[in-house]
1. I'm trying to understand the selection: among the residues of the range 1-37, which are assigned to a helix (DSSP H, G or I) and closer than 17 Å to residue 69 by Cβ?
2. Hey, among the residues in the range 51-67 that are aliphatic (A, V, I, L, M) and crowded, with 24+ Cβ neighbours inside 10 Å, which one's farthest from residue 117 (Cα to Cα)?
3. Just need a number here: residues in the range 51-70 that are touching a strand residue (DSSP E or B) at 6+ places or on another chain (Cβ under 8 Å) and either within 22 Å of residue 7 (Cα to Cα) or among the charged types (D, E, K, R) (or both).
4. If you take the residues of the range 162-185 that are at pLDDT 95 or above and in contact with a helix residue (DSSP H, G or I) (Cβ under 9 Å, 6 or more places away or on another chain), which of them is farthest from residue 105 (Cα to Cα)?
5. Being of a type in the set (D, E, K, R) and either closer than 25 Å to residue 192 by Cβ or under 16 Å from the mean Cα position of the chain (by Cα) (or both) narrows it down to one of 95, 76, so name that one.
6. May I ask you to say which residue of 55, 123 is within 21 Å of residue 33 (Cα to Cα) and without any contact (Cβ under 8 Å) to a residue 24 or more places away in the chain?
7. Taking helices (runs of 4 or more DSSP H) that do not extend beyond the range 38-126, which have at least 3 residues that are more than 20 Å from residue 165 (Cβ to Cβ)?
8. Considering (1) touching a residue at least 60 places away in the same chain (Cβ under 8 Å); (2) surrounded by 20 or more Cβ atoms within 10 Å (Cβ to Cβ), say which one residue 27 fails and leave the rest.
Amino acid sequence: MSSQQKWDRIYAQQNYPAPANPLLQQYAFLFPNNATVLDLACGLGSNSLYLAQLGCRLTAWDISPVALQKLTTEADRLGVDINTVCLDINAASFDQQHFDLIIVNHYLDRNLAPSLVRALNPGGILFYQTFVRTSLPSNKRTGPRNPAYLLAQGELLSLFSDLHARVFIDLQSTGATGQGLRNQSLLIAEKD
């Protein structure tokens, strides 16, 4: 089964309303006004819908035409404009692309890090949140199990060391492990 077929099957079973990432909402005050935004590997595009309603100009990329069709239908229903692009994302996808804000949520391809940095406009923001290798046993395991798709501790900081970290959360097993962002890491970083 191809990657596209896998994700088409997953997204065919899902429907709206799916809320936007709560941390994206919490830190939206850091994002440029009327930003040009790339929602990378957007899935059903809840983050795209949220940002489009705030006045951002959205481009949403995903490998699944099923997900993108659902996103387009929901965007039309809400009266917002989102440019959807179906593609198998790689470094060449970013040629001649520039954005004020790039959102990456629950997706990891380390080879794309330099392309993401180049695609940010000066003063642009990267919002990157995905799963970590150290999963707390008390939490229900979500996300991939393959370590190739899981971050090592502090890895987002090293992948995007050319950017200035504004928010970094990588709690792992610190403190009251039943609370807060666990099993994931978040980086919000700015380009000079």
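1. 4, 5, 6, 7, 8, 9, 10, 11, 12
2. Keep residues of the range 51-67 that are aliphatic (A, V, I, L, M), which gives 51-52, 54, 58, 60, 63, 66-67.
Still in the list and also crowded, with 24+ Cβ neighbours inside 10 Å: 51, 58, 60, 67.
On the way: 51: 21, 58: 18, 60: 17, 67: 26 Å.
For the range 51-67, the residue satisfying everything is 67.
3. Residues of the range 51-70 touching a strand residue (DSSP E or B) at 6+ places or on another chain (Cβ under 8 Å): 51-52, 56-65, 68.
Imposing the further condition that a residue be either within 22 Å of residue 7 (Cα to Cα) or among the charged types (D, E, K, R) (or both) reduces the set to 57-65, 68.
The number of residues fulfilling the criteria is 10.
4. So the first thing to find is which residues in the range 162-185 are at pLDDT 95 or above, and the list is 162-168.
Subset that is in contact with a helix residue (DSSP H, G or I) (Cβ under 9 Å, 6 or more places away or on another chain): 162-163, 165-168.
Details: 162: 20, 163: 18, 165: 17, 166: 17, 167: 15, 168: 14 Å.
Per the criteria, the residue is 162.
5. Details: 76 fails: either closer than 25 Å to residue 192 by Cβ or under 16 Å from the mean Cα position of the chain (by Cα) (or both).
Only one candidate qualifies: 95.
6. Details: 123 fails: without any contact (Cβ under 8 Å) to a residue 24 or more places away in the chain.
Within the list 55, 123, the selection yields 55.
7. On the way: elements: 46-53, 65-78, 113-119.
By residue number, 46-53, 65-78.
8. Just one mismatch for residue 27, condition (2).
The values are calculated or read from the model by the stated rules, or taken from the named source; none is laboratory data. Keep in mind that what you see is a predicted model, and the values were worked out from it rather than measured. With ideal geometry, Cβ positions are generated from the backbone for all residues, glycine too; neighbour counts draw on all protein chains shown.
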